[in-house]
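Below is one structure, written out as structure tokens, with a few remarks after it.
The values are calculated or read from the model by the stated rules, or taken from the named source; none is laboratory data. This structure is a prediction, so every number in the text was calculated from the model and none was measured. Using ideal geometry, Cβ is built from the backbone for each residue, glycine included, and neighbour counts are taken over all protein chains shown. Accessible surface is based on the protein model in full, side chains and every heavy atom, while ligands, DNA and RNA are left aside. Shrake-Rupley method; radii C 1.70, N 1.55, O 1.52, S 1.80 Å.
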Amino acid sequence: MTIKPLVLLPDPVLRKKSDPLERVDDEIRALADDMLETMYDAPGIGLAAIQIGIPHRMLVIDCSKEDEDKAPIVFINPEIVDSSDERAVYEEGCLSIPDYYAEVERPAEVKVEFIDRDGKAQQIEADGLLATCLQHEIDHLNGVLFIDHISKLKRDMVVKKFTKLAKARNSERL
Ligand code: NI
């Protein structure tokens, strides 16, 4: 397993729409392991493949609490097939936008169909943090970031800040 470098805002790769996977093989399972290792190392509770630069519709999530056993789930070609009218607000962050957090309102419950790491079709009904995490990560597969759900004023400020940081990083490399 390898920890991969994270793609950070404002890299245009994050705006790419990811493509569905046609099959789940050992290569994909190895990628899932790398994604989990990268996520745990960060640390984070969810990671989409595009966040390490790979445009597959694939994500990993572990919403277990600190005092609980690890509970990683690999979602391949996840699709939201139902969502509740009831909404919930969570403070969200993103490994591609480090150290920035903002409250986002989303449906409180979602039903998601996906393929698991063994290539089996699965369905999950999620609420609470897992529901929010799934929606945040599935957004990534469509090139959508959580800052797209906050005000334009706040979003412009974050993008500006991260654009400056990226420029500073690039000039350090020269
Ligand atoms: Ni994210």
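Tabulated values for the structure
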| item | result |
| --- | --- |
| Index of the failed condition, L14 passing every other in (1) closer than 25 Å to A131 by Cβ; (2) touching a residue at least 60 places away in the same chain (Cβ under 8 Å); (3) surrounded by fewer than 20 Cβ atoms within 10 Å (Cβ to Cβ); (4) not polar (S, T, N, Q) | (3) |
| Residues satisfying the stated conditions in the stretch 132-160, i.e. open to solvent by 20 Å² or more (accessible area, probe 1.4 Å) and part of a helix (DSSP H, G or I) | D139, D148, H149, K152, L153, K154, R155, D156, M157, V159, K160 |
| From S151, S96, residue being under 30 Å from V24 (Cα atoms) and not β-branched (V, I, T) | S96 |
| Positions within the stretch 49-70 being in a loop (DSSP other than H, G, I, E, B) and touching a Cys at 6+ places or on another chain (Cβ under 7 Å), in sequence order | C63 |
| Filter result (part of a strand (DSSP E or B) and open to solvent by 50 Å² or more (accessible area, probe 1.4 Å)) within the stretch 99-131 | D99, Y101, E103, E105, K111, E113, A121, Q122, Q123, E125 |
